[in-house]
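First comes the structure, then the notes that go with it.
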Amino acid sequence: MAEPKKVLPANPMPKEEFQVSPGAMKAHRALLELPQFQLAVRVAQAQYCRICCAASPTNLDSPNQLQASAMCFQRIQGMNDFINVLLNLAETPRLPPRRTDDNLAQL
């Protein structure tokens, strides 16, 4: 028996659109497990950090040093956020377990 097609809401999130296709999710998970992909992500992170840090002034007396350092930090934080979204694209969040209501029962 064929699985029923998942119905998307009127304005789906991009992740929901991606998760409609089981083939895409399976291929994504397979890609994430490849050692070459994991190495590429690690090297790209390190290279990006190096590029960002090289762009800020090395002299602590520079008037723009504080702003450049803050910009560098925000760009690195954005890179980490993007990679986190990429790595969790095929994962669906789990609902927390339901709590029992026994403490409200009348005796």
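Coordinate-derived values only; no laboratory data. Everything numeric here is computed off the predicted structure, so don't read it as measured data. Cβ coordinates were reconstructed from backbone atoms using ideal geometry, including for glycine residues, and neighbour counts include every protein chain displayed.
Our summary gives the chain a relative contact order of 26 percent, counting only alpha carbon pairs under 8 angstrom and 6 or more residues apart. Taken about its Cα centre, the chain carries a charge dipole of about 220 debye when Lys and Arg each add +1 at the Cβ and Asp and Glu each add -1 at the Cβ.
In the chain, the calculated helix contribution to ellipticity at 222 nm averages -19000 deg cm²/dmol per residue, counting -39,500 (n - 2.57) for every DSSP H run with n ≥ 4. Between Asn59 and Leu87, the modelled label-to-label distance comes to 3.9 nm, taking each label 7 Å out from Cα in the direction of the beta carbon.
Annotation: the range 57-103 has a Kirkwood hydrodynamic radius of 14.6 angstrom, from the mean reciprocal C-alpha pair distance. Compactness ratio for the chain: Cα radius of gyration over 2.2 N^0.38 Å (N = residue count) comes to 1.71.
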